[in-house]
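Comments concern the structure below.
The values are calculated or read from the model by the stated rules, or taken from the named source; none is laboratory data. Note that this is a predicted model, so its numbers are computed, not measured. Every residue, glycine as well, gets a Cβ built from its backbone with ideal geometry; the counts of neighbours run over all protein chains shown. Ligands, DNA and RNA are stripped out before the accessible areas are found, and what is left, the full protein with its side chains, is counted by its heavy atoms. Shrake-Rupley method; radii C 1.70, N 1.55, O 1.52, S 1.80 Å.
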Amino acid sequence: MARTAICSEDPNDLLRTSLEYQTRLNQIYKLLHEAHNFMDVLPDLEKDLLSLLRAERLTIYQKGRGDREIVSRYKTGREIKEIRLPLSTTSIAGYVALTQQALRIDDVYDSKALASIHANLTFDSSFDQRSGFRTRSMIVLPIKFGDVLLGVLQIINRIGGPFTDQDLVHAREIARVIGQKFRYDLGGTKGPYDYLVQTKRITPEKLEECKKVAAAQKTTLTFVLMNEMKIPAEEIGASLELYYQVPYMKYDPDVELPKALLKRLNEAYLRSHLWVPVGVDQEKVIVLIDNPTDTNRIMEIQKVLNARNYEFRVGLPEDILKFLGVGLEIPEPESVNLEDLVGRLEDEAAVIADEQDIALASTVSENEATVVQIVNRLVLDAERLGASDIHIEPARGKVPATVRMRVDGVCRPVLKIPASHIRAVVARIKVVSRLDIAERRKPQDGKFMVKLRGKNLELRVATIPTVHGEGAVLRLLHSGGALPFDNLNLSERNARETKELVSHPHGIFLVVGPTGSGKTTTLHAILGHINTPERKIWTAEDPVEITQEGLQQVQVEPKIGFDFAAALRAFLRADPDVILIGEIRDQETAHSAIEASLTGHLVFSTLHTNSAPETVTRLLDLGLDPMNFADALLGVLAQRLSRTLCSFCRKPHPASNEEVHQLMVSYGQEMFPELGVNPSEMILQGPAGCDRCGGTGYRGRIGIHELLVATNAMKVVIARKSGVTEIRNLATAEGMRTLMQDGIAKIVRGFTDFSQLRRVVA
């Protein structure tokens with residue numbers, strides 16, 4: 001918001017917060033609500049509005065669904081009948097309509113003050129010249145319903161000096177009520193998909209379910225609505241148009257995009273931000289965007305395009321990407337693909353083969369353009385596929401090397417690299433990871449960072465010499481924020497008990513499972529749940545993959561002696577409330593963690609164990625004092641990640657007798673009724689295969705959990721160093737459900753199938 005200095009309030013301003021003022025304001029609200037339409041009542045309210053705002057004049061602009069401009073539907077002063085302004089950076093009201101930001105300007109003739117808001121912004125003094133009225137100060141703010149722009153309120157010339165902060169507060173209140181009235185007059189809806197609910201194309205409950213599916217599958221809600229609910233794109237577009245109050249534009253292959261303008265833009269940026277210019281002339285640019293209320297993107301658009309005037313259209317994300325030449329599921333950041341690059345390598349390999357000397361392959365440079373591109377392309381494709389690892393595996397002699405990517409926990413081959421170039425590809429990876437390219441006899445570890453679509457991606461690199469040459473494994477570490485606790489897919493009991501346990505002021509809570517089972521994700525979701533300004537939270541991690549505001553996070557460096565135990569000792573001198581130790585690897589760290597939890601700190605950590613009960617015995621085997629450990633322990637959450645069925649192609653089928661028997665025996669026949677399903681009517685989901693899931697039938701992963709709660713009875717059992725079986729039996733009797741049982745509950749709900757559960761749970 002731009003403004004000049006604020007004048008101090010005079011005694012009359014005290015009236016503005018008095019009961020009399022509120023009564024007058026409420027009367028205006030009442031008249032607006034009771035009026036048949038906005039235009040009928042405004043002439044009667046003119047004096048009251050000007051009096052309340054202590055202004056000489058006001059203008060109310062409206063933007064209809066088909067309007068390309070904002071139009072003065074009501075204004076004081078009769079010299080000019082109507083004012084039409086485009087969404088523009090050149091006029092004050094047009095700028096507010098474009099950016100949806102309020103402005104308070106003390107002197108509209110101060111060109112330097114206007115230029116400080118935007119270089120193109122000016123005041124059109126021709127209105128003053130024609131009318132003889134002298135404009136001085138203004139409050140100009142958007143009229144909105146929710147996030148949707150419906151008009152602009154312009155208040156002119158405060159009596160007694162420049163407008164104040166209190167004036168702006170009351171102007172916002174009036175604009176809000178006008179926005180409500182405009183919505184009714186224009187037939188707008190309350191949400192982007194409200195029209196679909198009103199026309200009974202979908203129920204509110206099903207809409208919420210589709211939102212969860214879209215979030216879980218990392219796709220768009222519109223895609224789910226079209227593919228699962230079979231709602232035509234035109235109906236979704238009509239619903240968006242009613243809400244956003246801008247015209248809907250569908251994909252049209254005959255529309256020719258402005259090539260000259262697109263050359264100045266990064267298409268990868270347009271794809272990730274979901275907007276595209278679809279028309280341009282000397283006066284304006286027409287922009288297609290999936291959310292015309294996103295003020296941050298609109299501000300970026302006007303900075304990038306720097307046009308004088310703008311028009312907006314709303315479109316489906318899928319259609320915007322079609323205009324940019326891609327499908328939603330495979331946004332290609334570069335024009336070249338892996339097949340083309342490998343083709344080039346094969347052509348180069350053929351030349352070498354013609355000379356009958358495979359040793360010449362060593363002369364291929366790691367900086368050769370094709371080699372550099374193929375390494376870059378591997379990283380880009382791995383990120384696009386959601387892979388956790390890239391495995392580059394050399395083969396014997398002239399046999400091409402294999403590249404596999406681990407997606408959703410399962411390796412899948414992606415391409416072959418000619419034997420003549422595998423050494424150069426590995427060397428290129430070593431160069432960017434700052435490893436010794438001359439050393440090929442022993443393993444090396446390194447890392448490098450890339451930036452994709454505005455986000456940092458760190459890759460940990462391990463090179464390993466094999467009998468067929470040097471191989472490499474690249475692990476993708478996505479830096480990002482914490483997953484919301486409610487998205488962990490914990491069962492009702494596990495979620496409730498976990499929230500209760502982590503609300504304790506001290507004790508130790510452990511998350512256990514094999515490498516890659518999502519332990520760090522779960523711990524950060526829990527930390528996000530308890531992260532408040534009142535708590536000081538320290539974390540020691542290796543590596544720091546997830547960052548959160550409010551946490552003090554430390555990267556341990558074992559090579560210099562700064563390991564988890566050393567970090568924990570340092571934290572205890574830094575007045576913590578909560579401590580996260582990335583992993584308990586040795587006796588010293590385990591002892592220190594227990595001591596910290598017994599001295600008034602809430603401690604979180606992880607272990608590599610198979611189940612929650614086994615975690616207890618594993619720690620006792622490290623030499624922990626059973627009494628101290630039992631006293632400190634809050635709970636142990638064991639987890640796995642199971643592949644989920646693709647929500648776009650999964651197929652329901654009645655469960656066979658064999659499947660029912662298998663599930664009942666695995667869950668426990670005496671406890672199976674608690675799942676609330678009739679075995680004779682059970683419907684299970686199965687894989688099919690589509691383009692979205694790469695033909696596998698599976699897309700994404702879901703957590704499988706078991707939570708052992710350290711109740712008083714459990715503490716007694718732990719203190720006497722009982723075995724795994726006794727601990728498991730007591731935990732089950734107290735409500736714990738094993739990993740297998742939790743997985744079967746998720747099978748019954750349609751998230752996965754038994755084959756995937758058996759892959760991760762014994």
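Brief remarks follow.
- So Y251, is it surrounded by fewer than 21 Cβ atoms within 10 Å (Cβ to Cβ), touching a Phe, Trp or Tyr at 6+ places or on another chain (Cβ under 8 Å) and not β-branched (V, I, T): yes
- Which numbered condition M229 fails, given (1) open to solvent by 20 Å² or more (accessible area, probe 1.4 Å); (2) outside any helix (DSSP H, G or I); (3) in contact (Cβ under 8 Å) with a residue 60 or more places away in the chain: (3)
- Residue within segment 628-646 that is free of Cβ contacts under 8 Å to residues at least 24 places away in the same chain, open to solvent by 20 Å² or more (accessible area, probe 1.4 Å) and either out of contact with any Lys or Arg (no Cβ under 6 Å at 6 or more places or on another chain) or basic (K, R) (or both) present: no
- Residue within segment 502-521 that is more than 30 Å from P418 (Cβ to Cβ), surrounded by fewer than 14 Cβ atoms within 10 Å (Cβ to Cβ) and free of Cβ contacts under 8 Å to residues at least 12 places away in the same chain present: no
- Identity of the residue in segment 406-421, of a type in the set (D, E, K, R) and open to solvent by 60 Å² or more (accessible area, probe 1.4 Å), that ends up nearest to the chain's Cα centre (by Cα): R406
- When K230 is tested against (1) touching a Lys or Arg at 6+ places or on another chain (Cβ under 9 Å); (2) closer than 30 Å to S642 by Cβ, exactly one condition is not met: (1).
- Among the candidates N456, N489, the residue that is open to solvent by 50 Å² or more (accessible area, probe 1.4 Å), touching a strand residue (DSSP E or B) at 6+ places or on another chain (Cβ under 8 Å) and either touching a residue at least 60 places away in the same chain (Cβ under 8 Å) or β-branched (V, I, T) (or both) is uniquely N489.
- Candidate set: segment 128-145, residues that are part of a helix (DSSP H, G or I) and open to solvent by less than 50 Å² (accessible area, probe 1.4 Å); chosen: the one farthest from G161 (Cα to Cα): S131
- Condition check for R396: under 33 Å from the mean Cα position of the chain (by Cα), surrounded by fewer than 21 Cβ atoms within 10 Å (Cβ to Cβ) and at pLDDT 85 or above: no
- Count of segment 459-468 residues which are buried (at least 17 other Cβ atoms within 10 Å of the Cβ) and either modelled with pLDDT under 90 or of a type in the set (D, E, K, R) (or both): 1
- Among the residues listed as A713, A745, A731, the single one being open to solvent by 10 Å² or more (accessible area, probe 1.4 Å), over 18 Å from V665 (Cβ atoms) and in a helix (DSSP H, G or I): A713
- Set G561, G582, G600: member being open to solvent by less than 60 Å² (accessible area, probe 1.4 Å), at pLDDT below 95 and touching a His at 6+ places or on another chain (Cβ under 9 Å): G600
- Only one entry in A438, A424, A382, A387 is of a type in the set (A, V, I, L, M), open to solvent by less than 40 Å² (accessible area, probe 1.4 Å) and over 27 Å from E541 (Cβ atoms), namely A424.
- Residues that are in contact with a Pro (Cβ under 8 Å, 6 or more places away or on another chain) and hydrophobic (A, V, I, L, M, F, W, C) within segment 289-305 comprise I298, L305, listed in sequence order.
- Test for V473: is it modelled with pLDDT of 90 or more, open to solvent by 40 Å² or more (accessible area, probe 1.4 Å) and β-branched (V, I, T): yes
- Residue tally, condition outside any helix (DSSP H, G or I), within 12 Å of T539 (Cβ to Cβ) and not aliphatic (A, V, I, L, M), over segment 555-582: 3
- Entry remark, segment 664-701: residues being in a helix (DSSP H, G or I) and open to solvent by 70 Å² or more (accessible area, probe 1.4 Å) number 5 in total.
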